[in-house]
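Engineer: Attaching a single structure in structure tokens format; questions to follow.
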Amino acid sequence: MTPFVADVLIPAGKIVAVILYPMVMVVVMIWLERRVVALIQGRLGPNRVGFQGIAQPVADALKLFFKEDIRQRQADAFLFNIAPILVMFSSLLAFCFVPLGEPIRIGTYTLTLWIAESPVGLLIILGLSSVSVFGVIFGGWASNSKYPLMGALRSVVQVLSYEIPLGLTVLTVAFVARSMDLVEIVRRQESAGVWYGFLMPVSFVVFWISAVAETNRAPFDLPEAESELVAGYHTEYSGMKFAFFYMAEYAHMVLVSSLVVLLFFGGWLPPLGGVKALAFLHAVPGFVWYLVKIMFFLYLYVWIRATFPRYRFDSLIRLVWKWLIPLSLLNFLAIALVRFLL
Amino acid sequence: MPDAASDRFEIRQAVDQLSARFPGEVLAVAVEKGETAVHLGKKGLILVLRFLKEELGFNALEDIVVLDNLRTAAEGGPRFTVLYQVGRFPAAVRLRLAVAVGEDEILDSAVPVYRSADWAEREAYDMFGLRFDGHPDLRRIYMPEDFEGHPLRKDFPLQGRDGGV
Amino acid sequence: MTEDLSKQPFLLARADDLITWAQKNSLWPFGSGLACCAIEMIATAAARFDIARFGMELFRASPRQADLFIVAGTVTNKMAPVIRRLWDQMPDPKWALAMGNCAIGGGPFPTYSVLQGVDKIIPVDVYVAGCPPTPQGLIHGLMTLQEKIARSHPTKEILDPHARRSL
Amino acid sequence: MAFKEIDLNMGPQHPSTHGVLRLKLAVDNEVVLRVEPVIGYLHRGMEKLWESLTYTQVVPLTDRLDYIASLSNNLGYVLAAEKLAGIDVPRRARWIRIVLVELQRLASHLAWLGFMANDIGAMSVLLYGFEARETVLDLFEEYCGARLTIHGIRIGGVPRDIDAAFAVRVRKVLDGIPKWLGDIRALLDENRIWKQRTVGVGRIDAADAVAYGLTGPSLRASGVDWDMRKALPYSSYDEFDFEVPLGRNGDVYDRYLVRLEEINQSIRIVRQALDGLPEGEFSAKVPRVLKVAPGEVFHTIEAPKGVLGFYIKSNGTDKPERVKMKSPSFINLQSLEHMCKGNLFSDVVGILGSLDIVLGEIDK
């Protein structure tokens, strides 16, 4: 294993993998969403383009690529162009810190299935995921027309107020696992034998609700409310810029689902890992379990979108300030007490 | 035909009270196909409407119909007839008030009495050019602001004058 | 492809195929309905006739993200400038489908306030007759539009901007 | 800081204005101050056109007024014309008409349910509502070949007779509708988000409703018991027994419940009509060229959107001198501002949906 291979080829390969991973997941996610929503609504969904419509997202992306790219005269040029890049960039960058599985030993070299492992990986991901709010704000505000402006204002208030319960519940996990490093958290869950999702159900539920709100997904999709604000903050975007917003939303969903799986459902651990009788489950590589769990949560996203009506703005804010934040505070207090007593 | 005995009695009673209260205004009363039409003078219209609404409880002004009798009117006869379709519900009593109006005479607006007359009068203005004094905001309702002429007049061609855009 | 490839520059022909395949299979209609035909358009997108199979069920509310403008209903003189402005706001490779007799030629309304046909203000690619056309009729119109897109040559436009959009 | 209100424009093209309606809103960051509807974008000049057509030619054009409930427009016009011409319609024809019109009310309410739920965000209900409506449209297509602009009621009666096989299929469709409604009600009735978006929103009390001339389910949701089928029974409605559902506090949620209950009542009426269908002619003999003696008539029916009235004046020829249509949505839309004041911007969408307006009928 010459240093050249170890220092250049493998990291380069990993970087390509980390970029490809969300892209593939986004393509699968777009197809999954349109098919699942269709089946819930009693219709077929795209099944003509490619096998069972799997090439549909590819066709969409390619078509958007060849669309004319319109920017309004009165739109603020710099902010208008930077917004989609910011939204896309923050989601992709966060994927570098998401570990995909246990390190694999190949001969003498251990291949680590992530790019950067830092003791504060969790914090960086949360930070990056709130950077995408800037993209939404710039996009809505720079388009200089009323509906996007309202969409941007709504998303500012919504995402900022949902950051607090998100942060608090993540804090409880870090508190119990005594580390902010995601790999460490998963190992802790393995040694503890029980996943944090079952240990702290309240944290999981509050985290999941604020995660859905964080990614502007139904029933919290007020910033891009189709029936009220025409198309919300990305009304003025067309062509590839709109594709960035469209894909960034899905990438953000995949990111948040992988966070939920890592924090609360033991990342790549097989279910009931400790039980000796189910030892054969370890034969299945960790990455597969990880993917199955993520797909479940992505399915949950789509399921929620197809069933619930949309919140009104004031009930949305009342929900977070009157319910989620006090709940997460109490939950954090309870867990601190339990740990102190044990 | 809903002209059950009770309806007829209530309508006749209402009409009798009306002509007793406004002898000068009520010009003629016609009953045709079970519907009663009262022809009124122009001046007393609002007083009659208010009397019907407050005392006799005719709580609904269902419709304002404008007729252009350009060809049918006798020489020098009034160009337009404005019909106020008034009803009392749920007792299901219905009355029609007819007012004759010349080409550029101004009628008093019924909005102070019946709020639902607002758009009906704007439509009458837009389609026939009838002006209503006291209407809060008399503008065209269907046609674009810069449209000249009043389409529903008999002398307005069906295809319009300037051929559209 | 119907043309013989010898005349067509080989590389561009392949690029044309790819671009038109993508444009054909992800036609996002513009969610604007005017009158009765709009109800049949929605019924076409609903569960029974489901144009989602062709990838068209994303009715974009904003003209910026739509490729196909289905003019579904009567275009009155008061609405005509609005339709024209919406058409101009749509990004370029865009197509128009005149749905219903009113959009094609004024339909049953030869009156002072109706524009006798939407092709007086926007270039229409496909006309779907009917008052309102049945969902099957609309789907047939959409499929003819897809064939029309498959025959077009977008690369010729990219290389030579003056070339009018070849039919 | 000087208070500056934004004046928003829900323009003639907007996903949730149900057609080409334009709303000029004055909004103080999301709280609605003033709403001014601007109409006329679909004004096709129907009344002018009617004056140049014969009595029978006008009927297919009435389909295009309220194009979601075209049969009730037909019935409104045809009853007025028959009253004017003094044509007596045989009892079987009247009963067949009631079957068709009540099925049309069913289809119109299902379409309304889909549009309103989609505006408030529950988009699956749009698909469920439309699928249930498709089963009813199949019946119309089988009866006279058209799905939306049906022209299924003519002057003097109905175009075709109803045979037993058709009645069986109608009953099968009627059995299917409650199942669809059950799913939708389970999804929406007790849904916390739905109730937050609809209870207490766009409230109008009985006195204001009557003052604004509101009619139809929106009025009955405020507790006013006024249904033209009971107040002035027409086309032998008095031979059927059905209740008129009433709401209490006249908000969006009550209008939603009243219309759902009306669907059940319509099903009851159609069943009674099919069971007791009398024998006889399905259409009266009407001369090919119908000349009507001079006279005038004003007749109203209970359309799904409200009280639909037709005023016809004849001059002895075969063409009407003047036909004026009293449109329920035209009057109902005037009370939109009263309902929207003080609510949030996203409620305007819900309130507009609950009023169930159709632009074809407003703009004529």
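Engineer: Within the range D:128-174, take every residue that is within 30 Å of A:V37 (Cα to Cα) and among the basic types (K, R) and give me the one that is surrounded by the most Cβ atoms within 10 Å (Cβ to Cβ).
Structural biologist: Start the filter on the range D:128-174 by keeping residues that are within 30 Å of A:V37 (Cα to Cα), which leaves D:128-141, D:147-148, D:172-174.
Subsequent filtering for residues that are among the basic types (K, R) retains D:133, D:147, D:172.
Numbers: D:R133: 27, D:R147: 20, D:K172: 11.
If we take residues in the range D:128-174 being within 30 Å of A:V37 (Cα to Cα) and among the basic types (K, R), then D:R133 is surrounded by the most Cβ atoms within 10 Å (Cβ to Cβ).
Engineer: Suppose we keep only residues that are in contact (Cβ under 8 Å) with a residue 24 or more places away in the chain and not in a loop (DSSP other than H, G, I, E, B) within the range C:100-114. Which one would you say is nearest to the other protein chains (Cβ to nearest Cβ)?
Structural biologist: Once the filter is applied, the top-ranked residue is C:V114.
Engineer: If I go through the range D:325-339 residue by residue, how many of them are more than 15 Å from the chain's Cα centre (by Cα) and buried (at least 23 other Cβ atoms within 10 Å of the Cβ)? Give the steps one after another, and end with the answer.
Structural biologist: Of all residues in the range D:325-339, those more than 15 Å from the chain's Cα centre (by Cα) come to D:334-339.
With the extra rule that they be buried (at least 23 other Cβ atoms within 10 Å of the Cβ), the set shrinks to D:335, D:339.
Looking only at that region, the number is 2.
Engineer: If I filter the range D:249-257 for residues that are free of Cβ contacts under 8 Å to residues at least 40 places away in the same chain and surrounded by fewer than 15 Cβ atoms within 10 Å (Cβ to Cβ), do I get at least one hit?
Structural biologist: no
Engineer: Take the conditions farther than 21 Å from A:P148 by Cα, modelled with pLDDT of 90 or more, more than 14 Å from chain C (Cβ to nearest Cβ) and part of a loop (DSSP other than H, G, I, E, B) and apply them to D:D66. Does it pass?
Structural biologist: Against the criterion (farther than 21 Å from A:P148 by Cα, modelled with pLDDT of 90 or more, more than 14 Å from chain C (Cβ to nearest Cβ) and part of a loop (DSSP other than H, G, I, E, B)), D:D66 does not qualify.
Engineer: Another question about this same structure. Among residues belonging to the range D:98-142 that are within 14 Å of chain A (Cβ to nearest Cβ) and among the β-branched types (V, I, T), point out the one that is nearest to D:L187 (Cα to Cα).
Structural biologist: Out of the qualifying residues, it is D:V125.
Engineer: Let me ask something additional. What single numbered condition from (1) over 23 Å from the mean Cα position of the chain (by Cα); (2) within 14 Å of chain B (Cβ to nearest Cβ) fails to hold for D:G200?
Structural biologist: (2)
Engineer: Now a separate question. For the range A:291-322, which residues satisfy the criterion of being within 19 Å of D:L344 (Cβ to Cβ) and in a helix (DSSP H, G or I)?
Structural biologist: The first filter runs over the range A:291-322 and keeps only residues within 19 Å of D:L344 (Cβ to Cβ), leaving A:308-322.
Listed by number, the residues that qualify are A:F313, A:D314, A:S315, A:L316, A:I317, A:R318, A:L319, A:V320, A:W321, A:K322.
Engineer: Across the range A:3-22, what is the number of residues that are surrounded by 14 or more Cβ atoms within 10 Å (Cβ to Cβ), of a type in the set (A, V, I, L, M) and in contact with a helix residue (DSSP H, G or I) (Cβ under 9 Å, 6 or more places away or on another chain)?
Structural biologist: Count: 1.
Engineer: Same structure, new question: Let me spell it out: the conditions are (1) in a loop (DSSP other than H, G, I, E, B); (2) more than 11 Å from the chain's Cα centre (by Cα); (3) touching a residue at least 60 places away in the same chain (Cβ under 8 Å), and C:T155 meets all of them except one. Which number is the exception?
Structural biologist: Single failed check for C:T155: (1).
Engineer: Considering only residues that are more than 12 Å from D:V35 (Cβ to Cβ) and of a type in the set (S, T, N, Q), look in the range D:340-364 and name the one that is nearest to the chain's Cα centre (by Cα).
Structural biologist: D:S354
Engineer: Something else: Go through (1) assigned to a helix (DSSP H, G or I); (2) on the phi > 0 side of the Ramachandran plot and name the single condition A:G45 misses.
Structural biologist: A:G45 satisfies every listed condition except (1).
Engineer: Is it the case that D:G223 is modelled with pLDDT of 90 or more and touching a Leu at 6+ places or on another chain (Cβ under 6 Å)? Break it down into steps so the answer makes sense when it comes.
Structural biologist: Numbers: modelled with pLDDT of 90 or more: yes; touching a Leu at 6+ places or on another chain (Cβ under 6 Å): yes.
So D:G223 fits the description; yes.
Engineer: Condition first: in a loop (DSSP other than H, G, I, E, B) and closer than 16 Å to B:L45 by Cα. Now tell me which residues in the range B:116-130 satisfy that. Break it down into steps so the answer makes sense when it comes.
Structural biologist: Here is the first cut: in the range B:116-130, the ones in a loop (DSSP other than H, G, I, E, B) are B:116, B:129-130.
Listed by number, the list holds a single entry, B:L130.
Engineer: Now for a separate question. Just give me the residues in the range B:118-130 being touching a helix residue (DSSP H, G or I) at 6+ places or on another chain (Cβ under 9 Å) and either at pLDDT below 90 or at the interface with chain D (Cβ under 10 Å from one of its Cβ atoms) (or both), in sequence order.
Structural biologist: Restricting attention to the range B:118-130, the residues satisfying the condition of being touching a helix residue (DSSP H, G or I) at 6+ places or on another chain (Cβ under 9 Å) are B:118-120, B:123, B:127, B:130.
Hits for the range B:118-130 are B:D118, B:W119, B:A120, B:E123, B:M127.
Engineer: May I ask you to verify whether D:L33 is hydrophobic (A, V, I, L, M, F, W, C), in contact with a strand residue (DSSP E or B) (Cβ under 9 Å, 6 or more places away or on another chain), away from every other protein chain (no Cβ under 13 Å) and within 28 Å of B:R139 (Cα to Cα)? Outline the logic, then answer.
Structural biologist: Values: hydrophobic (A, V, I, L, M, F, W, C): yes; in contact with a strand residue (DSSP E or B) (Cβ under 9 Å, 6 or more places away or on another chain): yes; away from every other protein chain (no Cβ under 13 Å): yes; within 28 Å of B:R139 (Cα to Cα): yes.
Yes, satisfied.
Engineer: Shifting gears a bit: Filter the range A:290-330 down to the residues that are within 12 Å of chain D (Cβ to nearest Cβ), farther than 24 Å from A:M29 by Cβ and among the polar types (S, T, N, Q) and list them by number.
Structural biologist: Passing the criteria: only A:S315.
Engineer: In addition: Counting just the residues of the range D:1-30 that are within 14 Å of chain B (Cβ to nearest Cβ) and touching a strand residue (DSSP E or B) at 6+ places or on another chain (Cβ under 7 Å), which one comes out farthest from C:S32 (Cα to Cα)? First the steps, then the outcome.
Structural biologist: In the first step, residues of the range D:1-30 are kept if they are within 14 Å of chain B (Cβ to nearest Cβ); the result is D:12, D:20-22, D:24.
With the extra rule that they be touching a strand residue (DSSP E or B) at 6+ places or on another chain (Cβ under 7 Å), the set shrinks to D:12, D:21-22, D:24.
Working: D:P12: 9, D:L21: 12, D:R22: 13, D:K24: 19 Å.
Of everything passing the filter in the range D:1-30, D:K24 is farthest from C:S32 (Cα to Cα).
Engineer: Would you check if there is a residue in the range C:24-32 being part of a loop (DSSP other than H, G, I, E, B), more than 9 Å from chain A (Cβ to nearest Cβ) and within 15 Å of the chain's Cα centre (by Cα)? Steps first, answer last, please.
Structural biologist: Looking only at the range C:24-32, we keep the residues that are part of a loop (DSSP other than H, G, I, E, B), and these are C:26-28, C:31-32.
From what's left, more than 9 Å from chain A (Cβ to nearest Cβ): C:32.
Of the ones still in play, those that are also within 15 Å of the chain's Cα centre (by Cα) are C:32.
Looking through the range C:24-32, at least one residue is part of a loop (DSSP other than H, G, I, E, B), more than 9 Å from chain A (Cβ to nearest Cβ) and within 15 Å of the chain's Cα centre (by Cα).
Engineer: Go through the residues of the range A:86-97 one by one and say whether even a single one is modelled with pLDDT under 85 and of a type in the set (S, T, N, Q).
Structural biologist: Step one: list which residues in the range A:86-97 are modelled with pLDDT under 85, which gives none.
No, that holds for no residue.
Engineer: Okay, next question. With the condition kept exactly as written, say whether any residue in the range A:228-238 is within 18 Å of the chain's Cα centre (by Cα) and either surrounded by 24 or more Cβ atoms within 10 Å (Cβ to Cβ) or at pLDDT 90 or above (or both). It would help to see each step written out before you state the result.
Structural biologist: Of the range A:228-238, the ones within 18 Å of the chain's Cα centre (by Cα) are none.
There is no residue in the range A:228-238 that is within 18 Å of the chain's Cα centre (by Cα) and either surrounded by 24 or more Cβ atoms within 10 Å (Cβ to Cβ) or at pLDDT 90 or above (or both).
Engineer: From A:V133, A:V156, A:V183, A:V170, grab the single residue that is assigned to a helix (DSSP H, G or I) and farther than 21 Å from A:H252 by Cβ. Talk me through it step by step, then tell me what you get.
Structural biologist: Details: A:V133 fails: farther than 21 Å from A:H252 by Cβ; A:V156 fails: farther than 21 Å from A:H252 by Cβ; A:V170 fails: farther than 21 Å from A:H252 by Cβ.
Result: A:V183 is the single residue among A:V133, A:V156, A:V183, A:V170 that is assigned to a helix (DSSP H, G or I) and farther than 21 Å from A:H252 by Cβ.
Engineer: Mind listing whichever residues of the range C:77-94 are within 12 Å of chain A (Cβ to nearest Cβ) and either of a type outside the set (A, V, I, L, M) or on the phi > 0 side of the Ramachandran plot (or both)?
Structural biologist: Listed by number, the residues that qualify are C:D88, C:Q89, C:P91, C:D92, C:P93, C:K94.
Here is a yes/no grid of residues against (1) in a loop (DSSP other than H, G, I, E, B); (2) away from chain B (no Cβ under 14 Å):
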{"residue": "C:R53", "(1), (2)": "no, yes"}
{"residue": "C:L58", "(1), (2)": "yes, yes"}
{"residue": "C:F69", "(1), (2)": "no, yes"}
{"residue": "C:T74", "(1), (2)": "yes, no"}
{"residue": "C:A98", "(1), (2)": "no, yes"}
{"residue": "C:Q116", "(1), (2)": "yes, no"}
{"residue": "C:L142", "(1), (2)": "no, yes"}
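Engineer: Let me ask something else about it. Applying the selection to the range D:22-39, what residues are part of a loop (DSSP other than H, G, I, E, B) and modelled with pLDDT under 90? Even if it seems obvious, please write down each step before you answer.
Structural biologist: Within the range D:22-39, the subset part of a loop (DSSP other than H, G, I, E, B) is D:29-30, D:39.
Hits for the range D:22-39 are D:N29, D:E30.
Engineer: Now for a separate question. For A:V58, only one of the following conditions fails: (1) facing chain C (nearest Cβ under 9 Å); (2) farther than 18 Å from A:A248 by Cβ. What is its number?
Structural biologist: (2)
Engineer: Here's another thing I want to ask about it. Consider the range C:100-110. How many of its residues are at pLDDT below 90 and among the β-branched types (V, I, T)? Walk me through it before giving the result.
Structural biologist: If we filter the range C:100-110 for residues that are at pLDDT below 90, which is where we start, we get C:106-107.
Retained after the next criterion (residues that are among the β-branched types (V, I, T)): none.
Residues in the range C:100-110 being at pLDDT below 90 and among the β-branched types (V, I, T): 0 in total.
Engineer: Any idea which of B:D155, B:D118 is of a type in the set (D, E) and surrounded by fewer than 19 Cβ atoms within 10 Å (Cβ to Cβ)?
Structural biologist: Values: B:D118 fails: surrounded by fewer than 19 Cβ atoms within 10 Å (Cβ to Cβ).
Selected residue: B:D155, the only one of B:D155, B:D118 that is of a type in the set (D, E) and surrounded by fewer than 19 Cβ atoms within 10 Å (Cβ to Cβ).
Engineer: Which members of the range D:40-49 meet the condition of being in a helix (DSSP H, G or I) and within 21 Å of the chain's Cα centre (by Cα)? Write out each step before concluding.
Structural biologist: Our first condition is that a residue be in a helix (DSSP H, G or I); within the range D:40-49, this holds for D:46-49.
Result: D:M46, D:E47.
Engineer: Here is a further query. Only one of D:R229, D:R255, D:R197, D:R259 is touching a strand residue (DSSP E or B) at 6+ places or on another chain (Cβ under 8 Å) and assigned to a helix (DSSP H, G or I); which?
Structural biologist: Details: D:R255 fails: touching a strand residue (DSSP E or B) at 6+ places or on another chain (Cβ under 8 Å); D:R197 fails: touching a strand residue (DSSP E or B) at 6+ places or on another chain (Cβ under 8 Å); D:R259 fails: touching a strand residue (DSSP E or B) at 6+ places or on another chain (Cβ under 8 Å).
The unique qualifying residue is D:R229.
The values are calculated or read from the model by the stated rules, or taken from the named source; none is laboratory data. Quick caveat: nothing in here was measured; it's all calculated off a predicted structure. Cβ atoms come from the backbone with ideal geometry, glycine included; neighbour counts cover every protein chain shown.
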